[in-house]
Amino acid sequence: AQNVLDAVEAGEVDRGIFAVANSGSGAYTASLQAMGSHTFEPLVTFTMPINMCILGHPSVDSIDTIETFYGHPIALSQCRKTLEEKWPDTPIKPCTDEMDTALSAKVLANGEVPPTHAVFASKRAAELYGLNVLVDGAHHNPHNATAFAIIRKKTEKVRM
């Protein structure tokens, strides 16, 4: 959210969109903190279902060869129970909050993390970056959904 809010406030983009809460993990503290330090105009909020997938490097076609689960802390929290039940011995390495799910897919595809790591993102991210979908629907909540806010730069109102 910080980067989106910075870009909107600076006028680099006309509109911004960022996640504010998830049905399973609750409000996103980083988004709330970033919102508190910026001036913006909220336009709309909406909620959409999230299908979290476990993605592997193009050279990996089985989850059995994964040595580490790597991803955004919120994505990992949406899949925590699944990971504990199915792969309790596989280490989990959270990345930074700035590393969203699409960016984690990109760094795996670019070789910035080892091919033995799996990341958490959408099927679309797998398509965009040429990754393999190792698990479709890894989230433990069958009604997994995220709320997003769309914002724009706050405009000054002229008083007469």
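The values are calculated or read from the model by the stated rules, or taken from the named source; none is laboratory data. Since the model is a prediction, treat every value here as computed from it, not as a measurement. Backbone-built Cβ (ideal geometry, glycine too); neighbour counts: all protein chains shown. Each accessible area value is taken on the protein alone, full model and side chains, heavy atoms only, with ligands, DNA and RNA left out. Shrake-Rupley method; radii C 1.70, N 1.55, O 1.52, S 1.80 Å.
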Here are the criteria: (1) over 19 Å from ALA125 (Cβ atoms); (2) surrounded by fewer than 13 Cβ atoms within 10 Å (Cβ to Cβ); (3) of a type in the set (S, T, N, Q). Tell me which single one SER59 does not satisfy. (1)
Would you confirm whether any residue within segment 122-140 is touching a residue at least 60 places away in the same chain (Cβ under 8 Å), in contact with a strand residue (DSSP E or B) (Cβ under 8 Å, 6 or more places away or on another chain) and on the phi > 0 side of the Ramachandran plot? yes
Tally of residues being out of contact with any Lys or Arg (no Cβ under 6 Å at 6 or more places or on another chain) and assigned to a helix (DSSP H, G or I) across segment 1-54: 15
What are the residue pairs meeting all of these: first residue in segment 74-101, first residue over 13 Å from ALA121 (Cα atoms), second residue assigned to a loop (DSSP other than H, G, I, E, B) and open to solvent by 80 Å² or more (accessible area, probe 1.4 Å), Cβ atoms under 8 Å, and 6 or more apart or on different chains? THR90/GLU67; PRO91/GLU67
Taking GLY16 as meeting all but one of (1) over 20 Å from SER104 (Cα atoms); (2) open to solvent by 40 Å² or more (accessible area, probe 1.4 Å), write down the number of the exception. (2)
Being assigned to a loop (DSSP other than H, G, I, E, B) and over 26 Å from THR29 (Cβ atoms) is the filter; apply it to segment 119-136 and report the residue that is most open to solvent (accessible area, probe 1.4 Å). ASP136
Within segment 21-28, is even one residue free of Cβ contacts under 8 Å to residues at least 12 places away in the same chain and among the small types (Gly, Ala, Ser)? yes
Looking for something at pLDDT below 95, farther than 20 Å from VAL133 by Cβ and part of a loop (DSSP other than H, G, I, E, B) - is there at least one such residue anywhere in segment 68-91? no
Can you name the residue in segment 102-118 that is free of Cβ contacts under 8 Å to residues at least 60 places away in the same chain and of a type in the set (A, V, I, L, M, F, W, C) and, of all such residues, is most open to solvent (accessible area, probe 1.4 Å)? LEU103
